[in-house]
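Notes follow the structure.
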Amino acid sequence: MPDADAKKFTTVSIPTPLFHKIEERIKGTGFTSVSSYVTYVLREVVAEGETQGEPFTKEDEQRVKERLRALGYLD
Amino acid sequence: MPDLNGADLINRVLPEEQRQEVLSRALLYPRLKLDDEKVNEVYNVCQGVYSPLEGFQGSTDFRSVVHSGRLSNGQPWTIPIVLDASAAEASPLKEGQTLCLWQGDLPLALMHLDEKYAYDKAGLASGVFGTTDPKHPGVARALAMGDVLLAGKLDLLQDPDDPYSRHKLTPVQTRQLFRQKGWRTVVGFQTRNVPHLGHEYVQKTALSFVDGLFINPVIGKKKAGDFRDEVILDSYVALMEHYYLPERVTMSVLRQEMRYAGPREAIFHAIVRKNFGCTHFIVGRDHAGVGNYYTPYAAQEIFQDYPDLGITPLFFTAFFYCRKCGSVANEKTCPHDGSLRIDFSGTWLRKVLMEKGEPPAELLRPEVADAVRKWEHPLVEEA
């Protein structure tokens with residue numbers, strides 16, 4: 001399905017000096033292009049800002065610790 | 001290090017106030033009964049083991065995973081997580097409906113049916129397993145699947161019945177546990193075997209570079225000749241008790257079917273361990289392989305295609321016992337002739353454990369051998 005695949009990516013502009021710095025940075029790593037590295041970094045940043053469901057509260061944390069103690073994982 | 005509080009983890013467990021209400025109406029939803037392996041998949045999705053998945057995959061993600069080893073948004077994901085049904089089962093179900101998934105008589109989860117779709121089984125086998133040979137156990141299972149896939153988000157109503165719940169932790173719990181232990185770096189070890197000195201060597205070598213070791217045996221459907229789940233657990237309990245520092249190691253089981261998809265499954269295993277909070281993951285020779293379908297280090301080479309995985313693989317070459325070195329060694333550390341080496345093969349291990357008499361202590365810990373031998377039938381038998 002070439003049409004669907006073609007829409008999966010779009011273009012974002014970044015300053016040329018930054019592009020070259022990233023090119024240098026990814027040399028010798030598994031990243032094969034600046035795009036793949038930038039996608040990875042942005043995905044991490046975006047994921048950090050997203051929370052799934054309710055935030056993890058102190059009460060939740062206490063409940064988890066109690067469960068771990070009950071199972072013998074914590075003293 | 002992944003967020004210890006689990007903010008990046010999917011949580012599809014229905015809140016208590018909604019749970020009771022839904023349970024009281026469970027019989028009113030269209031009903032779908034799950035086998036044990038699908039029950040495990042539901043639990044793994046809902047408890048965040050399979051983050052970022054929120055349910056069984058739809059056709060877009062399915063095709064993307066099969067063909068490119070990534071979700072349609074580009075995130076690494078190499079094994080389709082799908083719910084198959086026969087045409088007769090799927091026929092009365094309508095997209096947009098909410099279904100109740102059952103484990104026997106237990107209402108397990110709600111599924112919001114977004115899509116039902118046909119798929120190419122040979123394409124699935126070829127993409128994921130690299131072969132369409134029906135002798136491959138993963139291919140055989142794929143070819144035996146129902147003709148329709150059902151997709152949609154899940155909401156867990158209650159944890160499944162599980163004799164191993166005492167040894168089962170969710171990713172939120174493991175991350176909390178690692179934090180309580182003060183571990184900033186944790187290496188995950190996937191296993192489906194009784195541990196011999198070779199495994200111990202690999203684990204302790206990896207542990208030398210990180211704060212903690214997370215042993216994570218796979219419990220679930222296996223092939224004939226594999227060690228039974230309870231035997232593997234007992235043997236690890238014995239090993240940990242006698243040969244590991246308790247403040248440096250922990251273990252919990254992973255309820256998951258082995259696919260024997262070699263390299264693809266190695267990536268999948270690494271993603272799961274990242275979700276548990278591991279920063280590193282051990283990948284040995286022929287990880288998750290079967291027969292001669294994959295080259296010995298294919299499961300390591302594939303990591304080159306996933307620099308964005310978010311967990312660091314630790315690669316190990318084949319290891320063996322060298323009589324001249326007088327220790328476990330590998331191809332990078334031992335200069336001696338092959339005739340001086342004893343290979344730790346699965347066949348060797350089963351033979352040693354089935355024989356009378358004490359196994360060589362330099363190859364297998366006596367406490368581990370005792371833990372296995374207390375079982376009359378330690379191996380999975382032909383169905």
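Figures for the structure shown
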read-out: Helical contribution to [θ] at 222 nm, DSSP H n ≥ 4, -39,500 (n - 2.57), averaged over chain B, rounded to 500; value: -9000 deg cm²/dmol
read-out: Sum of side-chain charges, B:Lys121 neighbourhood, beta-carbon under 11 Å (Lys, Arg +1; Asp, Glu -1); value: -2
read-out: Cleavage-rule hits, GluC sites (Glu not before Pro), the range B:61-118, DSSP coil, Cβ neighbours within 10 Å at most 15; value: B:Glu95
read-out: Over 30 Å (Cα to Cα) - which of B:Lys33/B:Lys135; B:Lys274/B:Lys324; B:Lys135/B:Lys324; B:Lys116/B:Lys221 fall in this group; value: B:Lys274/B:Lys324; B:Lys135/B:Lys324
read-out: Local net charge near A:Tyr37, Cβ-Cβ under 12 Å (Lys/Arg +1, Asp/Glu -1); value: 0
read-out: Most mobile of B:Arg25, B:Arg255, B:Arg12 in a GNM of chain B (Cα contacts under 10 Å); value: B:Arg25
read-out: Proximal aspartates and glutamates to B:Lys94, defined as alpha-carbon separation beneath 12 angstrom and excluding residues fewer than eight positions away on the same chain; value: B:Asp114, B:Glu115
read-out: Cα pair distances exceeding 30 angstrom across the range B:165-373, given as percent; value: 18 percent
read-out: Between helix B:263-276 and chain B: long-axis angle, C-alpha atoms, 0 to 90°, nearest 10; value: 80 degrees
read-out: Intensity falloff of the protein assembly as shown expressed as log10 I(q)/I(0), Debye formula with alpha-carbon point scatterers, at q = 0.06, 0.09, 0.12 Å⁻¹; value: -0.28, -0.64, -1.15
read-out: Qualifying chymotrypsin sites (Phe, Trp or Tyr not before Pro) in the range B:182-281, DSSP loop, other Cβ atoms within 10 Å at most 13; value: B:Phe209
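Every number here is computed from the coordinates shown, using simple stated rules; none is lab data. These numbers were taken from a predicted model, which means no experiment stands behind them. We place every Cβ from the backbone using ideal geometry, glycine too, and count neighbours over all the protein chains shown.
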